[in-house]
Amino acid sequence: MTITLADLDWPLRTERLTLRRARAEDAEAIWPWYGRPEVHEWTYGLPASRAAHIETWEQSLAARIVGELDGRVVAVGGVMVQDAWSQRQAIAAAHRSQGELSWVLDPEVHGQGLGTEYAAALLSIAIAGLGLHRVEASCFAANAPSARIMEKIGLRCEGIFRGESLHATRGWMDGMTWAILEEEWHAQHPGEAPAGQSPSAD
């Protein structure tokens, strides 16, 4: 049976954060910080308007997970589940077998290690929760803070791709892909349940 985010036991808790699935009303709540240009220096880009942000948010709720600190949403991201490439005979097994992580934080909480805590929880959800075979994340090679987070949570850099990514103001830039396999994550986290859940009793 394919497990989805809806099947997990929410909310999930880390040392400081409470993670839950995103709701439509979160779009308005996060706009004061999510709509700031500096938040999107290294993301897909600043929404064109508040209305565009709300529309995009509502269209992608299924994959979004928010992180709350003291009841306020300070982290936004998710796990985008994808089919792996496969030969025709293996299409069924490749269905929804890998995922891509994404995250962005409220600038007011930068420098506290919450980005690493949140990203590690997303990775735990992807592998321990959803059972994905492979999880990856990408960034501009010049985005050192994101690259550090990827390394800290156990991903390895699989490649730097020259002139691969077009930045709106900086022009063509190198891109990086980081990833980890399910068995590698479990070797690093033996017996760990998703993002602070208690392991099931045998």
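The values are calculated or read from the model by the stated rules, or taken from the named source; none is laboratory data. All figures in this text were calculated on a predicted structure; none of them were measured in a lab. With ideal geometry, Cβ positions are generated from the backbone for all residues, glycine too; neighbour counts draw on all protein chains shown. For the accessible areas, the whole protein counts, side chains as well, though only heavy atoms, and no ligand, DNA or RNA atoms are used. Shrake-Rupley method; radii C 1.70, N 1.55, O 1.52, S 1.80 Å.
Here are a few things to note about the model shown:
- Ligands, DNA and RNA excluded, the heavy atoms of Arg23 present near 120 Å² of accessible surface to a 1.4 Å solvent probe.
- Debye intensity ratio in log₁₀ form over the Cα atoms of the chain, taken at each q of 0.10, 0.13, 0.18, 0.19 Å⁻¹: -0.43, -0.74, -1.41, -1.54
- The charge dipole of the chain, taken about its Cα centre with unit charges on the Cβ atoms of Lys, Arg (+1), Asp and Glu (-1) only, comes to about 260 debye.
- Only protein heavy atoms count here; under a 1.4 Å probe, Met80 has an accessible surface of about 100 Å².
- For the range 151-195, fraction of C-alpha pairs farther apart than 18 Å, in %: 47
- Only one residue of Cys157, Pro190, Ala128 has its Cα farthest out toward the positive end of the dipole of the range 72-193, where Lys and Arg carry +1 and Asp and Glu -1 on Cβ, and that residue is Cys157.
- Residue order for Trp10, Trp178 - accessible surface, 1.4 angstrom probe, largest first: Trp10, Trp178
- Expressed as a whole percent, the accessible surface of the chain that belongs to carbon and sulfur atoms is 51, based on a 1.4 Å probe.
- Dividing the radius of gyration of the alpha carbons in the range 18-102 by their Kirkwood radius gives 1.08 for Rg/Rh.
- Solvent-accessible surface (1.4 angstrom probe) belonging to Thr116, in square angstrom, nearest 10: 40
- Gain upon complete extension [His167, Asp70; 0.36 nm per residue less C-alpha separation]: 31.5 nm
- Placing unit charges on the Cβ atoms only, positive for Lys and Arg and negative for Asp and Glu, gives the range 112-172 a dipole magnitude near 120 debye about its Cα centre.
- For the range 1-53, the spread of Cα positions along each principal axis, largest first, Å: 38, 28, 23
- Using a cutoff of 8 angstrom between alpha carbon atoms and counting only pairs six or more residues apart, the relative contact order for the chain works out to 18 percent.
- Using the 1.4 Å probe convention, the accessible area of the chain works out to 55 Å² per residue with neighbouring protein chains retained.
- When you count the other C-beta atoms within 10 angstrom of each residue and take the mean per peptide, 99-106, 186-193 line up highest first as 99-106, 186-193.
- Phi to ³J(HN,Hα) by Karplus 6.51 cos²θ - 1.76 cosθ + 1.60 over the range 57-72, Hz, x for Gly, Pro: 4, 5, 6, 10, 4, 4, 9, 8, 10, 10, x, 9, 10, 6, x, 10
- Each stretch of four or more DSSP H residues adds -39500 (n - 2.57); spread over every residue of the chain, this sum gives -7000 deg cm²/dmol at 222 nm.
- The largest accessible area among Thr18, Thr169 belongs to the first residue in Thr169, Thr18, and the rest follow in falling order (1.4 Å probe, all chains).
- Inter-centroid distance (Cα atoms) of the range 55-132 relative to the range 155-171, Å: 20
- Contour excess over end-to-end distance, with Cα ends at Thr56 and Glu15 and 0.36 nm allotted per residue: 11.7 nm
- Charge dipole (Cα centre; +1 on Lys/Arg Cβ, -1 on Asp/Glu Cβ; no other charges) of the range 51-111 amounts to roughly 380 debye.
- Residues Asp9, Asp70, Asp174, Asp26, sorted by accessible area with the largest first, give Asp70, Asp9, Asp174, Asp26 [1.4 Å probe; ligands and nucleic acids excluded].
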